[in-house]
Every structure is written in structure tokens, then in C-alpha cells.
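Colleague: Quick one: structure below, then a few questions.
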Amino acid sequence: MVVGFQKVSKTSTIIMSHEQDALMKIIELGGKVVEGVQVGRGNAGDTAVGDAFSYLFQKEFPNSKVQFMQSRKIFTKQDVDEINKADVLFLAGGGLFLYDTFRNDVSDWQWGISPELIEMIKIPIVVYALGYNKFRGQREFKKCFNDTINKLVEKSVFFSLRNSGSIRSIRRHIDFQLRDKVQLNFCPTLLLREKFQFHKSKTKSVAFVLGGDRIMNRHKNLETFVQHIQTFVDYLKKQGYETILINHLHDYWIARYVKFDRFIELFDRPSEYIYEVYSEIDTVISDRGHGQMVPFSCGCKILSPVSHDKLNWFLEDIELEEFGIEESDEELSNKLISKFNKLHEIDWPQIHAAKMAKISKTNHDNMIMLKSKLRKTISL
């Protein structure tokens, strides 16, 4: 049973027991939330992130009240006053360390807050499984980014990123004495499947999730990339595999050039449907972060044409780096074929079970530590 929190009186300490439910007020801060209402839908990965946090709060802090707050605005003293009415602030996942989705000169990332205002936050701050999402070739973050992140790490009771590569990247922006505070905590989308309990189907199917947004950031030579995918799809069809194109967000673009057997729409669909779809697919080829993680959690074999460092970073953490291939590799199609065949030669169910056990244990151990810290720091 989940350890909980209970308010007893204004001057009392927090009682934590196996019998008591959590009665905290949590502010969930993120870039894809509807202010005050709920987590928004859209990009299938963002939908999964929002629902994964809702599931996390229900499981770990039952009966808590969650208030949603949009991070993509310039915060004021009034916003901080609103935050301070709650018991704990969660920065709730996603690749918030990216400047081009919310350009501002206050923080240069997706939470528009100054170090001075972060200092004024009086409740515990939990940074939970964020991602360093800057694309290759994009400019460096401005100085205000370093200032804001330093203050955020300093103030947080728990500061975690979703892969080791993000940890290495963010540590370059913070003071040396703070670097050990940055911990690995896997994206909670990797554990949302347990809510739905779909059984893994055995099918001869290969799905493609190839990002169509920021397409020039993803591909040095789009025409060559398309040719490699065409060659790979042709190979799969000759081997008797059904080829499926899946849309998370703007991902039908490649259908203009490559013919797939069928299409599946996951944009603006509920998480239960997203996880059900992936539970029925054998292998997923994706250059999207959640196009890796969600299928992997469902038991899919994954193969990644790499155009963003986060793809390699996840594979590194689960010790499957060999199944990432640079999208600019001149031998991309041949290597996709070779690695695809290797995926079908190894004992994938056993490997997958071991990796998922590692992910689950990491996050479980972190939650125990986080609850211990909240017990010591929240005064109600």
C-alpha cells in the first residue's frame, strides 16, 4: 500500500503511515497543460506524459488535489503566491529544456521564471523526469538559462532527468557543488502500461513513427533519408511484414514518398488506445523520443534512426545502444535491415523484462527517497 500524507493541524508535522491517504495539494507545472483544468491532448507522447503523471499521483499520493499550471508564460509574483498556496510543486515531465517552443529572455526555456521568483517559492519543488531537448545545431542557451537552472537545482528537494545524457548536458550549466543533486529518473510513460494491463500480441508488423515537425532539424538530407526508408520498407514487405505508418504529430509527411500498408492515427487519442495499439505491434522504427519509450514499455522491439541525441541517451540507459543508427549514415538502410534481423535473433522477451525491471526499480527507489524528503520538508 502507498505511504501517504495527512494534514492533522496547522502546527502538526506530517503523519505518514500505510493506512492514511495523501491529502496534499499538488501543483503540476508543465508546457502541455490546460491552465487550472487538465493535461492537454495532442501529440501522442505528450498525452501519455500527462496521463502517466495522473496515474503516478493517484498511485503514490491518493486523494491528493492536483492543480494544473501552464509553464509557458512569464511568471509574476502573483503566480508565485498561487504556487505557495499548495503543498508541493511538481515540474511534471517532458522535454522542457528547449527554447524554441517558448522564446523568452527570462529563462530561455519552457518555464518563464526568473531566479529571483524561484527563490520566493516556499513549498518543496520536485523536478520529475524532465528532458534536455535541444536539437543538434541549435544555438546554446543564454546566460539566463544557467542562472535559472542553478537556482532551480538549489531549491529542489528532488531534481531528476529522464536519461543520463540529459543529466550530463544539464550539469554543464550548473555549479559544480550542485551537480550531484541531478538524478536519473525514467519518464513515467514507461510505467503507464501497468495501468492498462494489455497483453503483448504476436504479430508480423513493423510500425514507423518519423517526426514531421522541425523536419529540417531532424534531417541533413531529407531526400536521402526518404530513399533509405523506402529501401527498408521494400525489404520488410518482401519478408512478409505488414508496414504501418503511425502519426503522433505531423508524421504523415513521409506517406507522400513511401507506400505503407496502413495508417494508425494516435494524435489526440486517449492513452489507453495508444498503449493498446503498441501492444499489438512487433517492432517500431522511430525518431521520436516517446515513439521509442512508449512502444518499448509495451514490449515492442525498437530501432531508432537517430537525429536527436535523446534517442541515443535512452538506448544508452537500457544498454541497447547498438539499435540506434545515425540517420545521416550512408549505410542507413543496410544497417536498419541488419539490426532489424538481429532484434529477431536475440531473446527479446527476456531482455525487455530485465530492462523494464531496472526502470521500475530506479523509479520506485526514487519515490521512496522523495517521500522521505517531503516528510521532512513539508510543514502543515
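The values are calculated or read from the model by the stated rules, or taken from the named source; none is laboratory data. In this text the structure is predicted, and so the values were computed from the model without any measurement. Reconstructed Cβ throughout: ideal geometry from the backbone, glycine too, with neighbour counts over all protein chains shown.
Colleague: How about region 125-180: which of its residues are under 15 Å from the mean Cα position of the chain (by Cα), outside any helix (DSSP H, G or I) and either at negative phi or modelled with pLDDT under 95 (or both)?
Modeller: Matches in region 125-180: V127, Y128, L130, G131, Y132, N133, K134, F159, S160, L161, R162, N163.
Colleague: Now a separate question. Pairs only if they're at least six apart or on different chains, beta carbon under 6 angstrom, first in region 203-223 and closer than 13 Å to G291 by Cα, second outside any loop (DSSP other than H, G, I, E, B) and of a type in the set (D, E, K, R); list them, first residue then second.
Modeller: G211/R218
Colleague: Among the residues of region 170-222, which ones are farther than 30 Å from F260 by Cβ, among the aromatic types (F, W, Y) and in contact with a helix residue (DSSP H, G or I) (Cβ under 6 Å, 6 or more places away or on another chain)?
Modeller: F186
Colleague: Residue by residue through region 106-118, note down the ones that are assigned to a helix (DSSP H, G or I) and under 11 Å from D147 (Cβ atoms). Outline the logic, then answer.
Modeller: Applying the first criterion (assigned to a helix (DSSP H, G or I)) to region 106-118 yields 115-118.
Hits for region 106-118 are P115, E116, I118.
Colleague: May I ask you to say which residue of L161, L249, L184 is out of contact with any Cys (no Cβ under 9 Å at 6 or more places or on another chain) and not assigned by TED's automatic domain parsing to the domain that holds E119?
Modeller: The conditions single out L249.
Colleague: Mind checking whether some residue in region 273-286 is assigned by TED's automatic domain parsing to the domain that holds A52, within 26 Å of A44 (Cα to Cα), in a helix (DSSP H, G or I) and within 18 Å of the chain's Cα centre (by Cα)?
Modeller: No, that holds for no residue.
Colleague: What single numbered condition from (1) assigned to a helix (DSSP H, G or I); (2) touching a residue at least 60 places away in the same chain (Cβ under 8 Å); (3) not assigned by TED's automatic domain parsing to the domain that holds Q183 fails to hold for N363?
Modeller: It is condition (3) that N363 fails.
Colleague: Further question on the same structure: Looking only at region 196-214, how many residues end up being assigned to a loop (DSSP other than H, G, I, E, B) and small (G, A, S)?
Modeller: 3
Colleague: Does I254 satisfy the criteria of being assigned to a strand (DSSP E or B) and β-branched (V, I, T)? Give the steps one after another, and end with the answer.
Modeller: Working: assigned to a strand (DSSP E or B): no; β-branched (V, I, T): yes.
No.
Table: residues versus (1) exposed (fewer than 14 other Cβ atoms within 10 Å of the Cβ); (2) touching a Lys or Arg at 6+ places or on another chain (Cβ under 6 Å); (3) hydrophobic (A, V, I, L, M, F, W, C).
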| residue | (1), (2), (3) |
| --- | --- |
| R162 | no, no, no |
| R168 | no, no, no |
| R172 | yes, no, no |
| Q183 | no, no, no |
| R193 | no, no, no |
| F208 | no, no, yes |
| N221 | yes, no, no |
| I229 | no, no, yes |
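Colleague: For E319, work out the one condition from (1) assigned by TED's automatic domain parsing to the domain that holds Q227; (2) within 17 Å of V49 (Cβ to Cβ) it doesn't fulfil.
Modeller: All conditions pass for E319, except number (2).
Colleague: Checking the structure you have, find out if any residue of region 219-237 is more than 27 Å from W348 (Cβ to Cβ) and in the same structural domain as Q58 (by TED's automatic domain parsing).
Modeller: No; the residues of region 219-237 include none that is more than 27 Å from W348 (Cβ to Cβ) and in the same structural domain as Q58 (by TED's automatic domain parsing).
Colleague: Looking at F263 and the list (1) in a strand (DSSP E or B); (2) in contact with a Cys (Cβ under 9 Å, 6 or more places away or on another chain); (3) of a type in the set (F, W, Y), which single condition is not satisfied?
Modeller: Of everything listed in (1) in a strand (DSSP E or B); (2) in contact with a Cys (Cβ under 9 Å, 6 or more places away or on another chain); (3) of a type in the set (F, W, Y), F263 misses just condition (2).
Colleague: Just to verify a result, which residue in region 240-251, among those that are modelled with pLDDT of 95 or more and surrounded by fewer than 18 Cβ atoms within 10 Å (Cβ to Cβ), is nearest to H290 (Cα to Cα)?
Modeller: Going through the qualifying residues, I end up with E242.
Colleague: Is there a residue being under 23 Å from I378 (Cα atoms) and part of a loop (DSSP other than H, G, I, E, B) anywhere in region 87-94?
Modeller: Yes, the conditions are met somewhere in region 87-94.
Colleague: Among residues belonging to region 322-377 that are more than 22 Å from L222 (Cα to Cα) and of a type in the set (D, E), point out the one that is surrounded by the fewest Cβ atoms within 10 Å (Cβ to Cβ).
Modeller: The extreme case among them is E345.
Colleague: Another one. Of everything in region 48-77, what is assigned to a helix (DSSP H, G or I) and within 19 Å of F102 (Cβ to Cβ)? Give them in sequence order.
Modeller: Within region 48-77, the first condition is being assigned to a helix (DSSP H, G or I), and the residues that meet it are 48-60, 77.
Selection gives V49, G50.
Colleague: Additional query: How many residues does region 215-226 contain that are of a type in the set (K, R) and not in a helix (DSSP H, G or I)?
Modeller: Qualifying residue count for the region: 1.
Colleague: In region 181-192, which residues are within 14 Å of the chain's Cα centre (by Cα) and assigned to a helix (DSSP H, G or I)?
Modeller: Residues of region 181-192 that are within 14 Å of the chain's Cα centre (by Cα), as a first pass: 184-192.
Within region 181-192, P188, T189, L190, L191 qualify.
Colleague: Only one of K202, K238 is within 21 Å of I325 (Cβ to Cβ) and among the charged types (D, E, K, R). Can you tell me which?
Modeller: Result of the check over K202, K238: K238.
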